[in-house]
Structures are given as C-alpha cells and as structure tokens.
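Reviewing the structure listed below.
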Amino acid sequence: MKKKMTIPASSGDYAKDAALFQKVETVPGEQALYEMAKKELLSELGRLRKPATLIDFCCGTCEIFSRMIPEPRIARFIGIDTEPAYIDFAKNRLSGVVGADLVLGDAAVCNLGLSADIVLASSAYHHIEDDRKMTFLRNMIRHLKPDGRVIFAENILPEYADEAGHAAAAKLFYGKRIQETKALGMDEDVIRLLHQVMGYEIRREYEWKVDYRRFIEHLGSAGFTILKKTKVWPTRSEFEDPLAGDYVIVAEVPCGYIRGFTYG
Ligand SMILES: C[S@@+](CC[C@H](N)C(=O)[O-])C[C@H]1O[C@@H](n2cnc3c(N)ncnc32)[C@H](O)[C@@H]1O
C-alpha cells in the first residue's frame, strides 16, 4: 500500500528569504501593526518642524518606510539589519529614494554615527536574544535626539512564569494566529510559515518574544517613558491574558536621562 504523503506548499526559511518573510507578514495582526506604525510615524512627522532623520532598527524589507514614500518630511532614512538577503531586497525596493541608506550590521551594538528624530523598532525587540535586549534598547536611545521618539511594534505573548510556560505561551499565541489565518482561507504556505515562526519561538532560536510585564519592565529599565500604546490584535478578547497581542507603542526618553553617546 502506498503511504499517503503531505507535500508542503513550498519549503524554505523566512529568516533567510525576504519573499517568504513578506508572505508570512500578510496575516492580519502583522498588517495591522504596519498600518498603525505608519500612522504613528506620520503623526510624529507632523509634530516635527523640519525634515526628519529616521532610523529603522532591524529594518528587514523596510515595509513601513516603503508604504510611506514619497515622503518629503523624511530627509534621511537609515535601515539596519543583519540579514544580507533582506538588505538586498530593501536596497532594490528603495533604489532611487534620495537620502535612504541600508546598512548590514547588528542593531544591538552598531554605531551609525548619527542621531534620529524617530527610531523605528518594528518586530525588532523580539528578534534580539533576551540577554542582549537591554543593550539593544540602550543602543536605540544612543541613536535618538534628545526630543526624539521611538515607535515600537511588538508581538506580546500571554503571561508566563518560566521556560516551560514560555513555550506554552508561544503555542497559545500562534495557535490563535494559525486558527484565524485558516478561517480566513489564507494560502497554505502562510500557515506553514506561521508554524515555522512558532517553532523558532518555542526553541528560542530566532524569535525571542516576551510577555507584557517583561516588555514594559524592560522599556522602563532602559529609560523609556510610554506616551501612547495601541493594541491592534486581537480585536476581540482571545487570550486568558488580556494583555497578550500585537501593540504599537510610542515612547520617549525624558530629558536629562544620560545617553551613552550622542551625535550631531
Ligand atoms: C520580523 S523581521 C522585522 C522586519 C521589519 N522591521 C518589519 O517590521 O517588517 C526581524 C528582522 O530583524 C533582523 N535582525 C535580527 N537580529 C538582528 C540584529 N541583531 N540586528 C539587526 N537586525 C536583526 C532580521 O534579519 C529580520 O530582518
């Protein structure tokens, strides 16, 4: 008797493949994050009186900036990412955009030699290993002008106590994502990729998400004050922990907070 085989829609790893990454980001929570982060960016540009410098930490394919251009109020854009395939994708995307630069490097320790009016960290914090998260947050602050603001877009897991609890929280979070994606009849490849994200998260290999309490404590310890926080997913209460979900947070570092270094 022949063995029944399930053939996946495609193989491949979104961590190294920009096109697959774009695909997994089509799920509702991620799209809502992009749109809300863009809205907050536009609002920050409205607040500033001169053309802004924007740094995008862990820029990936530069999805948010790409959705905004042409935007004359952004004079300078610098995206930094460790993955060459993503940087190449972004370079192609932004070719011809005056003032835009892509840098291959580690956002936790880079020194870009300039400071920004706005720093974007979209799905960035959770890609930094737990023991480097604080270094990463402080590096963002070092690249921020005194009156600058940071826009975070983050996936926040249900509350957990320990390592085993973290794995269970990751399963809960991605269980809902996958259920919703199936209900919407989305491409099978998207479902496969969501399983891949969940696997990375459970193994703590490429995804290092945390719960709400840990995230907020980290921001506070680094010196951030939260100015605005918008939860964009789920739109109805889906988790036992009502704080789990996708957030866009606008934050600043109050005057007088000592920065490691500042530029121009
Ligand atoms: C989920 S993607 C987010 C990309 C983009 N910010 C967005 O919102 O679409 C996370 C990105 O972080 C990058 N990354 C992971 N660790 C990094 C590090 N230490 N420094 C810079 N980029 C990093 C990955 O290569 C990947 O492009």
Those residues that are surrounded by fewer than 23 Cβ atoms within 10 Å (Cβ to Cβ) and touching a Lys or Arg at 6+ places or on another chain (Cβ under 8 Å), I need them from segment 118-128; list them, please.
HIS126
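Residue by residue, here is whether (1) more than 21 Å from the chain's Cα centre (by Cα); (2) under 24 Å from GLU44 (Cα atoms); (3) hydroxyl-bearing (Ser, Thr, Tyr) holds:
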{"site": "ASP147", "(1), (2), (3)": "yes, yes, no"}
{"site": "GLU159", "(1), (2), (3)": "no, no, no"}
{"site": "GLU163", "(1), (2), (3)": "yes, no, no"}
{"site": "GLN179", "(1), (2), (3)": "yes, no, no"}
{"site": "ILE202", "(1), (2), (3)": "no, no, no"}
{"site": "PHE224", "(1), (2), (3)": "no, yes, no"}
{"site": "VAL232", "(1), (2), (3)": "no, yes, no"}
{"site": "GLY245", "(1), (2), (3)": "no, yes, no"}
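Any residue that is at negative phi and over 19 Å from the mean Cα position of the chain (by Cα) - is there at least one of those in segment 122-141? Steps first, answer last, please.
Of segment 122-141, the ones at negative phi are 122, 124-141.
Keeping just the survivors that are over 19 Å from the mean Cα position of the chain (by Cα) gives none.
There is no residue in segment 122-141 that is at negative phi and over 19 Å from the mean Cα position of the chain (by Cα).
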Residue pairs within 6 Å by beta carbon, gap of at least six or interchain, first lying in segment 49-65 and over 12 Å from SER123 (Cβ atoms), second part of a strand (DSSP E or B) and near the ligand (Cβ under 9 Å from one of its atoms), listed first then second, are CYS62/GLY79
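Could you please give the count of residues in segment 133-191 that are basic (Lys, Arg) and either within 16 Å of the ligand (Cβ to nearest atom) or under 30 Å from ALA116 (Cα atoms) (or both)? Reasoning before the result, please.
Step one: filter segment 133-191 for residues basic (Lys, Arg), giving 133, 138, 142, 145, 149, 171, 176-177, 182.
Checking the rest, the ones that are also either within 16 Å of the ligand (Cβ to nearest atom) or under 30 Å from ALA116 (Cα atoms) (or both) come to 133, 138, 142, 145, 149, 177.
Looking only at that region, the number is 6.
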Yes or no: segment 30-39 includes at least one residue that is outside any helix (DSSP H, G or I), within 16 Å of the ligand (Cβ to nearest atom) and of a type outside the set (Lys, Arg).
no
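Applying the selection to segment 103-127, what residues are among the hydrophobic types (A, V, I, L, M, F, W, C) and away from the ligand (no atom under 13 Å from the Cβ)?
Pass one, segment 103-127, residues among the hydrophobic types (A, V, I, L, M, F, W, C): 103-104, 107-110, 112, 114, 116, 118-121, 124.
Across segment 103-127, the qualifying residues are LEU114, ALA116, ILE118.
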Looking at segment 156-164, can you tell me whether even one residue there is assigned to a helix (DSSP H, G or I) and in contact (Cβ under 8 Å) with a residue 12 or more places away in the chain?
no
Quick one: in segment 160-198, which of the residues that are within 20 Å of ALA18 (Cβ to Cβ) and among the β-branched types (Val, Ile, Thr) is surrounded by the fewest Cβ atoms within 10 Å (Cβ to Cβ)?
ILE191
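Residue by residue, here is whether (1) under 28 Å from ARG132 (Cα atoms); (2) surrounded by 15 or more Cβ atoms within 10 Å (Cβ to Cβ); (3) within 16 Å of the ligand (Cβ to nearest atom) holds:
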site: LYS50; (1), (2), (3): no, no, no
site: ILE55; (1), (2), (3): yes, yes, yes
site: CYS58; (1), (2), (3): yes, yes, yes
site: PHE65; (1), (2), (3): yes, yes, yes
site: ILE69; (1), (2), (3): no, yes, yes
site: ALA75; (1), (2), (3): no, no, no
site: TYR86; (1), (2), (3): yes, yes, yes
site: VAL97; (1), (2), (3): no, yes, no
site: ASP101; (1), (2), (3): yes, no, yes
Hits in segment 169-222 (condition: of a type in the set (Val, Ile, Thr), outside any loop (DSSP other than H, G, I, E, B) and in contact (Cβ under 8 Å) with a residue 24 or more places away in the chain):
THR181, VAL190, VAL197, ILE202
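Readers should treat all values here as calculations from the given coordinates under stated rules, not as data from a laboratory. The model shown is predicted, which means the values in this text are computed figures rather than measured ones. When we count neighbours, we look across all protein chains shown, and the Cβ atoms used for this are built from the backbone with ideal geometry, even at glycine.
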